[in-house]
Structures are given as structure tokens and as C-alpha cells.
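Structure first, then comments.
The values are calculated or read from the model by the stated rules, or taken from the named source; none is laboratory data. Only a predicted model underlies this, so the values are computations on that prediction, with no experimental measurement involved. Don't worry about glycine lacking a Cβ; one is built from the backbone with ideal geometry, like all the others, and counts go over all protein chains shown. What goes into the accessible areas is simple: the full protein's heavy atoms, side chains included, and nothing from ligands, DNA or RNA. Shrake-Rupley method; radii C 1.70, N 1.55, O 1.52, S 1.80 Å.
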Amino acid sequence: MNTQPPEMTHDQVSPLQPGAVVQVRSRRYLVEAVEPATNTSWEQTLVDLSCLDDDAQGERLSVLWEREVDATVLQASLWNTVASRGFDPPDKFAAYLNAIRWNLVTSTNPKLFQAPHRAGIQVMTYQLEPLRKALLLPRVNLFIADDVGLGKTIEAGLILRELIMRQKVKRIVIACPASVITQWQTEMEVRFGLTFVILDREYVIRCRRERGYGVNPWKTHARFIVSHSLLRDEDYGEPLRDWLQENKPGSMLVLDEAHHAAPATSSRYAVDSQFTRAMRDLTGLFEHRLFLSATPHNGHSNSFSALLEMLDPQRFFRGEKVTNPKLLDEVMVRRLKDELRELVPNLGLPKRVPKQHDISGLPEDAPELKLMRQLSQYSPILAKHSKNFSLEDSLSIGVDRMQRNFEPMRRQVETWRAQQLTTTAAKLTIYRAFIEGDLDTPKHLARKVHELYFTPQHQEFEFRTMWSLSNAFTSAFKELDPIPQFRATARLGSFLETMSSTC
């Protein structure tokens, strides 16, 4: 049996020249030197390589080309084509040289911007203010607290693009809620030409499969987007801290919805949540920090000062109330829509005008009227025990969270619409809910749910699906008082999800 490697032909060897880009051992390398075999019957080609990937950039490697399993030439050397068409005319070369000089001047002058001219957006004048403040800071520790709809994402993208062009930032981590991860990735790529990798469980599994189980996924790229929930997990937080301790210069954190990192408040003291502790350990390892939030202050000075300490520990200290507006103005940009409409009349910001709609003819036992009466009784009691609590703010926060979680809810509804139920499975679900008490609701509603499901009043719910059964439950719950009704509805989703996995 002949164990000698096959002799390489001229077509196989010719692309393997210094300057070529190749793939070896699941990584991209630049060919620096090639020492061909003198005796092809038993020798191999020795190739000196330099890694091009972010996690091992510049690392040297020498391989025997024929012995590598996945050795592939990705791009052949094109050095022989340099200056093959001659030289540019003097006026064209002078224009090119002046452009380079202009870029150099812009990179050193904080009052000259490049990012607005290299972004696929129509920049509003007020959106340049965060960029101006960021460039005046030796380290970017900036809090963008503009009102909802003023373009905080665009303002953050302008800062990132400008700092990358000035070579102040090399590694970026964007931490945001899971519901807007894809939106951040799309905005950065389409509007600013910045490619970000979404670091999630699937990405970690792929990295381990391609580069070994011990690989640090944070070292495989320079720009990441990660959800808040994963940063609370030490399986992701610890490798990130290891990566930052080696590469702190040029690193930047963009924390979207930064108010989630503020500690919760109980009486006079700010109590750290798990996410607060995770961000407190991480923020100090980044050289630059950019916080985004439309609601930076929750009404408690201790919580607000703790959040500002994560942003800039040199200016702010936890427990010390921020009383100097000039100190806060150096690191925060805060504009409201009403203020901008007065300053820039033709800005085109839509104005919402609430209108009162009177509803008459409701019965006295209508759930809407019951809820209003109970809230009216609850508000004086609440004011007695908490002077700073705002019921309206709490309700608005709840509505905001519902809107942010709407996409997962929509996917769950679509799943329930497609899930067919047998008669036995539907009866078992009703039995578990009321007779065995899994929902902790009155048992007499079981007959109502059974009737609404098997003899529906609307054609849409005639199909025997989990969605139709869910509607039967919520329709039956309307017989309850408002508070028990809300409690039962809140428990229904998880109960039906558990039953759908067993049916």
C-alpha cells in the first residue's frame, strides 16, 4: 500500500504564494513564506502563516500544507497587478492626498465630525449634541437620556462610528433587552456599516464546535450584542471579564435601557438586584461607557447615584445625592419632545393630544367601574405609606413591559392556534384547572369554560385548538371581580403552556 502523499500539480501550488489568504484549522491566515518541497515523493510544502481572525490576530503558525485536512486557498496573491495600469495623474493623486490629510485633521479635532457623512441616515441637528459631548470627554462616559422617539440608537451609532474612525475604540459590547437585539444588529449594519455578532447560546455552541470546548467566545470577534439576561449568568459574565482584563484599552460598553441596572429601592436604601451586581462588576472593566435610557431617574436619589457611579466613578459616588447640575450636565444629555418643539419649530415631531371620550350606559357592576372604584379606594391608603410612589407611573411601566414582550406573546399565540386538541386533552385541562385547583379559581367556572369551548359563540373559535381553549378561559374569567380576574389571567399563560407540553 502506497502511503506517500500525492504529488501536487502546478495548478495546486501556484495560488499558494506570499500574500495569499488561506484557511487552515478553521481559521483564516495570511501566507508570509512558502518553502516548496524539493522531493515531492516524500517531502511537503512548508508554509509560514499569520492569523487574521480577531481572537488570534498576528499569531504565527507553520504547517506542512499537504498534511492539513482543511487547507484551502481563499484568495490568491495579487501583488503582480500592483501599478500594472500605470500611475494616477498628478491632480487626481493630489485630491487623494488632500482627502487623507483632511481625515487626519478630523481625527484630531473634536469639533469636526466624520460619522454623519458616512452614515445612511438623515441626521437631525439635535442628534449631534451627544456626539459633540462624547468627543470632548477624555474617556466617553456619557448618559443619553433623551425622550422616547428622539433617536437614541442613532445617536449611539454616530458615537460608535466616530470613535472607531478615530481609532479610540476597537472592541464594543452592546447590552440590551432580548426583545431589541435583532433591531440593534440591523440598525448598526444598515445605517452605520458596523457588523455585530449576537452572542447567545447558539453562538457559544458553534464556537466550541469549531474551535474547541475551551475557547472563550468573547475572543472570537470585536463587536458583540448580548441580552441583559445572559450577562446575569456567570457562564457568560466570567469569560467577558477575563477578556476585558486583557483588552481594556479601546473597549466600550453600550448599555441600552440602563435604568434596569439601577438598584431597586426599599425605603431609604438601594438594594442591588442580580443584574445590578453583574453590571457593577463589568462596567469598571470598560474604558468607555455609553448608557441609554428614556427614564434615567426612578425618583430615588440613592438608586440614581448608584447608576451614575457605574457610568463615571470619578464624578459620582453611591449614596451621595447629585446636587450639582453642572456636574451632571457634563455626562448627561437629556431632551424632551416638548422642549425640542419650542427650540426647533419645523422639526416635525408628532404631538400627541389626549382626548376624553365619555362612556355612558355601563351597568354598575361593569368590571371597568369596579376597577376604578377600587383604585380610588386604594390611592389614599397608598399615599399614606409611600409619598414618592406614583400609581400612574407604575401602570405605564407595566404597559411598557407588555409592549416589549408582545413579540414572544404573538409567537405563543401562533403556536396555540396551530396546536390541535383532542376532546380528552381539552377536558383534562379543564379538570386540572378547576377540579384539581391548578389555577386556584372558583370551581363553578369549569362548566362555563366547557360550554364556551365546545359550543363557541364565534366562528373564529370553532377549531379545537389551544387558542380556542384559552379564549374560553379568559371569557369565563370575566364573571370574576377585577382583581381576581387579573390574577387568574396572569396564571393562565404558564398553566396552558405546561398543559400544552403534556397533551
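One table, with the values for the structure above:
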| read-out | value |
| --- | --- |
| Condition check for ASN103: surrounded by 11 or more Cβ atoms within 10 Å (Cβ to Cβ), closer than 29 Å to THR283 by Cα and either of a type outside the set (A, V, I, L, M) or modelled with pLDDT of 80 or more (or both) | no |
| Residues satisfying the stated conditions in the stretch 303-343, i.e. in a helix (DSSP H, G or I), surrounded by 16 or more Cβ atoms within 10 Å (Cβ to Cβ) and under 27 Å from the mean Cα position of the chain (by Cα) | SER303, PHE304, SER305, ALA306, LEU307, LEU308, GLU309, MET310, LEU311, LEU328, LYS337 |
| Of all residues in the stretch 265-281 being assigned to a loop (DSSP other than H, G, I, E, B) and open to solvent by 80 Å² or more (accessible area, probe 1.4 Å), the one that is modelled with the highest pLDDT | ARG268 |
| Residue in the stretch 241-253 that is open to solvent by less than 50 Å² (accessible area, probe 1.4 Å) and under 17 Å from GLN185 (Cβ atoms) present | yes |
| Residue that is farthest from SER251 (Cα to Cα), among those in the stretch 160-189 that are part of a helix (DSSP H, G or I) and in contact with a Gly (Cβ under 7 Å, 6 or more places away or on another chain) | GLU187 |
| Number of the condition not met by GLN122 [criteria: (1) open to solvent by less than 60 Å² (accessible area, probe 1.4 Å); (2) outside any helix (DSSP H, G or I); (3) over 27 Å from LEU308 (Cα atoms)] | (1) |
